[in-house]
Amino acid sequence: MIPLAHYLILSGLLFSIGLAGIIIRKNILVVFMCLELMLTAANISLVAFSRAQGTAGLPVYDVQILSLFVTGIAAAEVAIGLALIVALFRARKTVESTALNTLKD
Amino acid sequence: MMQNLPWLFLLLPLLAAALDWVLFSKCSKTAATLSILSAAATLALCVAYLAGLNTGAPDVYTWMPVAEERLSLHLGLLTDPLAMRMMLVVTGIGLLVHIFSLGYMKGDTSNLSRYFAGLSIFMFSMSCIVLADNLAMTFIGWEMVGFSSYLLIGHWYHKASAADAAKKAFITNRVGDFGFLIGILLTLGVFGSMNFADMAGKAAGIPAALLTATVLCLFCGAVGKSAQFPLHVWLPDAMEGPTPVSALIHAATMVAAGVYMLVRLQIAMGHAAFTDTACAVIASVGAITAALAALIATQQDDIKRVLAYSTLSQLGYMVMAVGLLAGEAAMFHLYTHAWFKALLFLGAGAVIVCCHHEQNIWKMGGLAKRMPLTVLCFLMGTCALIAIPGFSGFFSKEAILDAALEHCPVFFWVGAGVAALTTFYMTRLCLVAFCGSARAHGAEQAHEAGASMLLPLLILAVMAIISGYGFIADALVPYAGFEAHGFAVGLPFYVSLGSLGLGLVAALLVYGCGKRSSDPLAGNALSAALRERLYIDEFYDKVLIGGVQAIIAHIIEFIDAAIIRGLCVQGSAWLTSRFGLLLSKLQGGSLRAYTFLSGLGLLVLIILLAFNF
């Protein structure tokens, strides 16, 4: 059996990669994907904990249901987010995050 | 209900003023009619009261209730003889001036509704002073007459000199009113009440120094309003207003309010309240004013200015009488002076109108032939003013001189000297303006004044002659239980006859029969100084306004510019904007920076939680 720590390390790595992607990349589409990556990292740790905290060989199902919710919400967020990005591209002809500073000027 | 009839004295003119101003500002005839009607109605009411109508004590309204009763602000009316007889002078002369104004202002292009509204407001405020039963209400009326005087002096406000004169009158009065206000508060503190009726008999237990301070502070108000030295400078300038206004406000009534107030206080507080020091100061100020003004009047060329200085000098007489504790004589002179000085001013007004608004007496001349009736009326007023025996002014001036001789002979001799000067300058005025031949085009075309101007003149001329005789004075002089004291031929009589003769002869010698075309006394330093009003105005201008006020203004300007504007306002604005600039660096608009910072924050949180810091 793979120990819990391995899952958590994987989850942490994924989360860090996602965060680093958001910080480093300019393209909003990529940033968006990195965001999804971070959500997935959270999901992995949730499921890992569900297994680790289970009793009598049964996982804690509440947590697994929660992770399904997270996935569902992520899907909804993708629908809205992609629509926003498409609208943004139509308006600005660019999806660079550094270009989105009209309020500042 | 009936007992509140005296409130009509205040309400009618106020109503007329409000209607004139609000409804009939474009319809000057209606406005004039309304004002005249209100003046006539108040005069009728006043006559009814003097004839014995008694409606009992009018209600007292509490305007601003304060928990402690004596501090509350009450509005109450006095209907005693002092007030009612004074009201007769105010409303009587007021009505005549209203009627005279119709003729005087005919053809004037300014807004006459405004003029008559001003007159009505003045009647309201003057009644407020006269009828007030406490000092607070007097003060309200006091400020209101100042305001209406400001309005009327500045009636021709497009003329810079009129606007300046209005401002000068108002501001000079503020100086006196400041002292008056302190005096009222002192009275409240010392006597425990502002009500005249409550002051009686309380003076005995009060330290003399405190009484002196109170009375002198109250006297400050009279110095301002009655234009006594050193605050007399506004009155001659106030002649910029229309002449009927000068007659009503700046000769007969408002400027006498100071004397009225002092006499009212003297009666209410008792003679004990007027300590020797206070009396000496009051009498000296009066005497100085009387002498200075009479001197200056001898070298003035403007007919209205001569009369203005003569008013100053007569007011000085009255104040001197108050200072000599002869309130009775002061009110007697106030009453006769009101009639004959109003007559003189209205006569001067008629002369000015008929000479096409020429006020310089050296550009008149020969008017006696062209407008005999007006000139005759004017001469009646002159006779009363220079105290020719038999005219009203003679009796009242005699009363003051008697009182002066009795209390303090110095003031008697000052009064006698002023009487000689008065005769001199009035004779000069009459000789130059009325005798000889016309010296300017305006005077050549002069003609008799219209009926609306002649009628008031004739009535006033009659009053100027008869108002001093016992049978009429006893009933009308604003002083309870006044009796024209038996006239005795004594030292005062001979002295005043002497000064009368001296003045007459001197003026006749110098000015002949009006044949001269310029003043033979002019051209020397003394005459120049007198023409420049003894440089008192200039002194105020240079030293007080240009010196003291300028220094204070500089200091205040520095505080304003450096501390308030520089440090407080601009400094705090600078600080805020710098701080804002600093904070704005945090919100650079860069998505990546935000993420980095929140990631960093998350990391810090995790570390804090994980390692239990």
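Brief remarks follow.
- Of all residues in region B:520-538, one or more are of a type in the set (S, T, N, Q), part of a helix (DSSP H, G or I) and either on the phi > 0 side of the Ramachandran plot or surrounded by 13 or more Cβ atoms within 10 Å (Cβ to Cβ) (or both).
- Region B:586-604 residues that are within 9 Å of chain A (Cβ to nearest Cβ), paired with ones that are exposed (fewer than 12 other Cβ atoms within 10 Å of the Cβ) and modelled with pLDDT under 75 (beta carbon under 8 Å, 6 or more apart): B:Gln587/A:Lys104; B:Gly588/A:Lys104; B:Gly589/A:Leu103; B:Gly589/A:Lys104
- Residue that is farthest from A:Ile80 (Cα to Cα), among those in region A:1-19 that are in contact with a helix residue (DSSP H, G or I) (Cβ under 8 Å, 6 or more places away or on another chain) and within 11 Å of chain B (Cβ to nearest Cβ): A:Gly12
- Test: residue in region B:197-204 that is under 20 Å from B:Ile296 (Cα atoms) and of a type in the set (Asp, Glu): no
- Here B:Phe471 meets the list (1) in a helix (DSSP H, G or I); (2) aromatic (Phe, Trp, Tyr); (3) under 22 Å from B:Glu406 (Cα atoms) almost entirely, failing just condition (3).
Yes or no, residue by residue, for (1) at pLDDT below 90; (2) more than 14 Å from the chain's Cα centre (by Cα); (3) under 20 Å from B:His232 (Cβ atoms); (4) not small (Gly, Ala, Ser):
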{"residue": "B:Ser120", "(1), (2), (3), (4)": "no, yes, no, no"}
{"residue": "B:Phe124", "(1), (2), (3), (4)": "no, yes, no, yes"}
{"residue": "B:Val130", "(1), (2), (3), (4)": "no, no, no, yes"}
{"residue": "B:Trp142", "(1), (2), (3), (4)": "no, no, yes, yes"}
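- Put simply, of A:Ala42, A:Ala48, A:Ala75 the only residue that is surrounded by 15 or more Cβ atoms within 10 Å (Cβ to Cβ) and away from chain B (no Cβ under 14 Å) is A:Ala48.
- Helices (runs of 4 or more DSSP H) contained entirely in region B:344-443, each with at least 2 residues that are out of contact with any Phe, Trp or Tyr (no Cβ under 8 Å at 6 or more places or on another chain) and either under 30 Å from B:Phe471 (Cα atoms) or at pLDDT 85 or above (or both): B:372-385, B:392-407, B:409-434
- Subset of region B:448-473 (residues that are surrounded by fewer than 18 Cβ atoms within 10 Å (Cβ to Cβ) and closer than 14 Å to B:Val89 by Cα): B:Ile472
- Check on B:Arg70, out of contact with any helix residue (DSSP H, G or I) (no Cβ under 6 Å at 6 or more places or on another chain), basic (Lys, Arg) and closer than 28 Å to B:Met199 by Cβ: yes
- The set of residues in region B:40-64 that are more than 15 Å from B:Pro81 (Cβ to Cβ) and under 27 Å from the mean Cα position of the chain (by Cα) comprises B:Ala40, B:Ala41, B:Thr42, B:Leu43, B:Ala44, B:Leu45, B:Trp63.
The values are calculated or read from the model by the stated rules, or taken from the named source; none is laboratory data. Keep in mind it's a predicted model, so treat the numbers as computed, not measured. Positions of Cβ are backbone-derived with ideal geometry, glycine not excepted, and every protein chain shown enters the neighbour counts.
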